[in-house]
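Engineer: Quick one: structure below, then a few questions.
The values are calculated or read from the model by the stated rules, or taken from the named source; none is laboratory data. Source: prediction; values computed, not measured. As a convention, Cβ positions derive from the backbone with ideal geometry for all residues, glycine included, and neighbour counts pool all protein chains shown. Heavy atoms of the whole protein, side chains included, go into the accessibility calculation; ligands, DNA and RNA do not. Shrake-Rupley method; radii C 1.70, N 1.55, O 1.52, S 1.80 Å.
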Amino acid sequence: MAGWGAGGYQAPPKAGSARTGPLPLHPMSFGDVLDGAFRLLKANLATIVLVTAVFFVPIELVGALLARNLFGGQGILQVLQDPSLAEQELGGGAPTGQFVGPAVASLVTLLVTPFAGAAVTKVVAASYLGDRLSAGEAIKTAGRRFWALLGVAIFVHVAEGVGLVLCLLPALAVMAFFVCTTPAVAIEGLGPVKGMGRSVALVRPRFWQVLGIVVVSGLMAWLLTNILGTPFTFGADLIGLRWGFILLAVGSIVPALFAIPFVSIVATLVYFDARIRHEGFDLQVIASELASGAASAG
């Protein structure tokens, strides 16, 4: 949309606000998406952390508490002091029941992730369009889409599981095709099946580029998770989960507060980029702003 007009060169239109700085309201490059994701995360950090904490802190605390008796709650230091403890645990085996609680907590985390993603999407979408949304409003919005988001959680994870069984590449392809599902459900109010179809329609014309963004952003989130979480997890293993379960919880909560929102922000920008490229969303926003300005002037 940049070009030469009567006044000379016209820069591409921008979204965002004073808090975010200028964000691209035009087809985005890979660098634009990543830069925009960090800008939006920084500008809305307090709101995003609060929203994510509401969803994940209780789950991770309960999950860590349920895991405190795994392998007798023994820590590395205890095993080093008394190697017979390790022999006892390995010889007797860990009761199957000890794994049920942590496994259920992990499953709940998978199901809750789209709800947190939808709330973050609403915050980020408002910020991208120059507005502001509170944590409470974002959480209420996600709550109103409960059944749709639960359907998204189930259907998308099942599709990813099938892709993973087939091979890594089909699993990545599924992730790429459905990356815009949560934004479509949160922003457009679609159901899970229509949201998945909407995502496929938006992603298909630029599948390989979107796949690259998904893979790189996923690797970045994985690295961030390990950097933030490993020291706490190692500390928990060192002293044993019987007393170190709090460290285990912190090692799960801290990465979740940043890595999961980062992926959600990237997905939201991919969604807006696709709409700008294929539906003239940038022109719709500009027209809306012009109409709003004319109404204010009148």
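Engineer: Condition (residue is open to solvent by less than 50 Å² (accessible area, probe 1.4 Å), of a type in the set (Gly, Ala, Ser) and at pLDDT 75 or above) applied to region 76-96: is it met by at least one residue?
Structural biologist: no
Engineer: Further question on the same structure: Are any of the residues in region 117-139 farther than 17 Å from Ile265 by Cα and either surrounded by fewer than 18 Cβ atoms within 10 Å (Cβ to Cβ) or small (Gly, Ala, Ser) (or both)?
Structural biologist: yes
Engineer: Something else: Taking region 203-217 as the region of interest, how many residues are surrounded by 18 or more Cβ atoms within 10 Å (Cβ to Cβ) and either under 21 Å from Phe115 (Cα atoms) or within 17 Å of the chain's Cα centre (by Cα) (or both)?
Structural biologist: Total meeting the criteria: 5.
Engineer: Filter region 34-54 for residues that are open to solvent by 20 Å² or more (accessible area, probe 1.4 Å) and in contact with a strand residue (DSSP E or B) (Cβ under 7 Å, 6 or more places away or on another chain) and give the result.
Structural biologist: Arg39
Engineer: Hey, among Gly197, Gly189, Gly161, which residue is open to solvent by 20 Å² or more (accessible area, probe 1.4 Å) and at positive phi?
Structural biologist: From the options Gly197, Gly189, Gly161, the qualifying one is Gly189.
Engineer: Also, I was wondering about something else. So which residues in region 203-253 are assigned to a helix (DSSP H, G or I) and small (Gly, Ala, Ser), if there are any at all?
Structural biologist: Gly212, Ser217, Gly218, Ala221, Gly229, Gly235, Ala236, Gly244, Ala249, Gly251, Ser252, listed by residue number.
Engineer: Sticking with this structure for a sec: Scan Ile276, Ile246, Ile286 and give me the residue that is over 27 Å from Val179 (Cβ atoms), over 20 Å from the mean Cα position of the chain (by Cα) and in contact (Cβ under 8 Å) with a residue 12 or more places away in the chain.
Structural biologist: Step by step, each of Ile276, Ile246, Ile286 is checked, and only Ile246 is over 27 Å from Val179 (Cβ atoms), over 20 Å from the mean Cα position of the chain (by Cα) and in contact (Cβ under 8 Å) with a residue 12 or more places away in the chain.
Engineer: Give Ala148, Ala171 a once-over and let me know the one that is assigned to a helix (DSSP H, G or I), at pLDDT 90 or above and of a type outside the set (Phe, Trp, Tyr).
Structural biologist: Of Ala148, Ala171, the one residue that is assigned to a helix (DSSP H, G or I), at pLDDT 90 or above and of a type outside the set (Phe, Trp, Tyr) is Ala148.
Engineer: Something else about it: Looking at region 140-154 only, could you name the residues that are open to solvent by 50 Å² or more (accessible area, probe 1.4 Å) and of a type in the set (A, V, I, L, M)?
Structural biologist: Once the filter is applied, which keeps residues that are open to solvent by 50 Å² or more (accessible area, probe 1.4 Å) and of a type in the set (A, V, I, L, M), region 140-154 yields only Ile154.
Engineer: Something else about it: Considering only region 243-259, state which residues are of a type in the set (Val, Ile, Thr) and open to solvent by 30 Å² or more (accessible area, probe 1.4 Å).
Structural biologist: Matches in region 243-259: Ile246, Val250, Val254.
Engineer: Just to verify a result, which residue in region 218-242, among those that are open to solvent by less than 20 Å² (accessible area, probe 1.4 Å) and over 21 Å from the mean Cα position of the chain (by Cα), is farthest from Met28 (Cα to Cα)?
Structural biologist: Checking each candidate, the answer is Gly240.
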